[in-house]
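The values are calculated or read from the model by the stated rules, or taken from the named source; none is laboratory data. Note that this is a predicted model, so its numbers are computed, not measured. Heads up, the Cβs are rebuilt from the backbone with ideal geometry, glycines too, and the neighbour counts pull from every protein chain shown. To get the accessible areas, we keep the full protein, side chains included, count just its heavy atoms, and leave off ligands, DNA and RNA. Shrake-Rupley method; radii C 1.70, N 1.55, O 1.52, S 1.80 Å.
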Amino acid sequence: MKRETFIFILGILAAGALVFHFYEQHQQRVAIMDMIKETAKKHDIPAWIPLSIAETESKFDPKTVGDAGTSFGLFQLHRGGLAPEELTEEELLKPEKNIEIAISNMTRAYDRAQKEGLEGIKMLTYIANTSGRPTQRGTYWTDQNTNYNEKLAKNFKKHVKVTELANDM
């Protein structure tokens, strides 16, 4: 076999492996988004809220570990915050467990936001910053963290549209 033919075949195989890898990543992301939507529905909270927060926190990567090894999974459940001390890191990284813990805690912040008359991005910012921290710092704290707010706003625009389209079908 000629060297050029071998290199061509090797290139085709490498491209195929890359396509397969990205397809698997896409399928995992869709499955995670579906889990988030189902859990949000179970807790009677709009799906765009946890979808926007999860994408901002982890880009839907369930293996994300942040804050120097103290925050875990899709919603970056933090030790000293929402991450129960009795759960291991492996348990906190399981998408189902991480999603359930995060969304069940978001519901209280969602109820408070509704009582305050917040809507849209203001509601999302409030929930994202009052549902997971032990000090409940709130939106006044996030006003100083514009990078996080900008990511949250970008993801809000994406997920509120997706949710609205899904509801129209």
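Pairs to check: LYS94/LYS158; LYS63/LYS97; LYS59/LYS157; LYS63/LYS161; LYS63/LYS158; LYS59/LYS151. Give those whose C-alpha atoms are more than 21 Å from each other in this structure. Intermediate values should be presented prior to the final figure.
Working: LYS94/LYS158 25 Å; LYS63/LYS97 13 Å; LYS59/LYS157 15 Å; LYS63/LYS161 27 Å; LYS63/LYS158 23 Å; LYS59/LYS151 11 Å.
Check vs 21 Å cut-off fails for LYS94/LYS158; LYS63/LYS161; LYS63/LYS158.
For a protection proxy built on the mean count of beta-carbon atoms within 10 angstrom, sort 78-87, 16-25 highest first, please.
Details: 78-87: 14.5, 16-25: 10.2.
Packing order, densest peptide first, comes out as 78-87, 16-25.
Computed in the context of the full set of protein chains, the accessible area of the chain at 1.4 Å probe radius has 56% of its extent on carbon or sulfur. Any idea what % of Cα-Cα pairs in the stretch 1-94 are farther than 24 Å? Across the stretch 1-94, Cα pairs with separations above 24 Å total 41 percent.
For the chain, the longest principal axis of the C-alpha atoms and the axis of helix 3-42 are separated by about 20°. When only the Cβ of Lys, Arg, Asp and Glu is charged (+1, +1, -1, -1), the dipole of the stretch 1-63 relative to its Cα centre reaches about 220 debye. In the set (i) 23, 20, 16; (ii) 26, 17, 16; (iii) 35, 19, 15, the label that goes with semi-axes √(5λ) of the Cα gyration tensor in Å computed for this structure is (iii).
Simple spin-label estimate for ILE12 and LYS154 gives 3.8 nm between the two label positions (7 Å along the Cα-to-Cβ direction from each Cα). Rounding to the nearest 10 and keeping the result within 0 to 90°, find how far the Cα-based axis of helix 95-115 lies from the longest principal axis of the chain. Roughly 40 degrees, rounded to the nearest 10.
Taking amide H positions as modeled 1.01 Å from N, with prolines and chain starts lacking one, the residues under 5 Å from ALA83 and 5 or more places away or on another chain are HIS78.
Angle of helix 48-58 to the longest C-alpha principal axis of the chain, folded into 0 to 90 degrees and rounded to 10: 60°.
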